[in-house]
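What follows is one structure encoded as structure tokens, with my remarks underneath.
The values are calculated or read from the model by the stated rules, or taken from the named source; none is laboratory data. Keep in mind that this is a model prediction, so the values were computed, not measured. Virtual Cβ from ideal backbone geometry, glycine too; neighbours counted across all protein chains shown. Areas reflect the complete protein model, heavy atoms only, side chains present, ligands, DNA and RNA absent. Shrake-Rupley method; radii C 1.70, N 1.55, O 1.52, S 1.80 Å.
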Amino acid sequence: ACAVAERLAGNEEAFVHRMNEKAQLMGLAGTRFANPHRLPDPLQRTTAQDMAALIGHLVTDYPASRTVLGGKTFVFRGRVYQRRIPLFDDPGGVQALKTGFTNEAGYNLAIAAWRAGQRFLLIVLGSHTRSLSFRDARKVLQYGFIANGLDIGDDPPRRPAAPARRGPRRSSASIPSSG
């Protein structure tokens, strides 16, 4: 990310300035970038709503990103790799997914799913484990489908819920939109 920033803007600071200008143009009022790679920085912040808007722009403005972010398999240097992400196997229509993790932020997901011609954007922030982030995302997607009168399809059998954990508050946003 640093090399790309330097190539496109001359240096990292100029690139970050451009990132923040673009965020403002996109209406991402709760987002401020402090570096090009999005690793933790005390000056950097965002919201689940802003991240949902950002992934919405990504899959609308760059539809080819759905292939990269939504594929269960991908080829790199002639070798086929398979992603083991349970949301791609659920009947939820997930077609684009970006995962992330840092010690400071926990496990995070940005998801675009389509059901009956409606697009759903979902963000999960601050989960304690990767599997909890997927579980939370699945539950919120199912809620979004039901709240919009859409059949959620055949659900796989559910495991008993894990005991509640105490810790940092998780945040999520689900925004249905046409597309």
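If we only count strands (runs of 3 or more DSSP E) wholly inside the stretch 105-179, which ones have 2 or more residues that are at pLDDT 90 or above and in contact with a Lys or Arg (Cβ under 9 Å, 6 or more places away or on another chain)? Please lay out each step first, then the result.
Values: elements: 106-115, 118-127, 171-178.
In the stretch 105-179, the matching strands (runs of 3 or more DSSP E) lie at 106-115, 118-127.
Inspect the stretch 63-86 for any residue being at pLDDT 85 or above and in a helix (DSSP H, G or I) and give the result as yes or no.
No.
Looking for whichever is in contact with a Gly (Cβ under 9 Å, 6 or more places away or on another chain) and of a type outside the set (Asp, Glu) here; the options are Val59, Val4. Which one fits?
Details: Val4 fails: in contact with a Gly (Cβ under 9 Å, 6 or more places away or on another chain).
Only one candidate qualifies: Val59.
Residues Val75, Val80, Val68: which one is closer than 24 Å to Met26 by Cα and surrounded by fewer than 15 Cβ atoms within 10 Å (Cβ to Cβ)? If you could, list the steps in order and put the result at the bottom.
Working: Val75 fails: closer than 24 Å to Met26 by Cα; Val80 fails: closer than 24 Å to Met26 by Cα.
Of Val75, Val80, Val68, the one residue that is closer than 24 Å to Met26 by Cα and surrounded by fewer than 15 Cβ atoms within 10 Å (Cβ to Cβ) is Val68.
Condition (residue is open to solvent by less than 60 Å² (accessible area, probe 1.4 Å), outside any helix (DSSP H, G or I), under 19 Å from Arg130 (Cα atoms) and not charged (D, E, K, R)) applied to the stretch 39-62: is it met by at least one residue?
No, there is no match, as no residue in the stretch 39-62 is open to solvent by less than 60 Å² (accessible area, probe 1.4 Å), outside any helix (DSSP H, G or I), under 19 Å from Arg130 (Cα atoms) and not charged (D, E, K, R).
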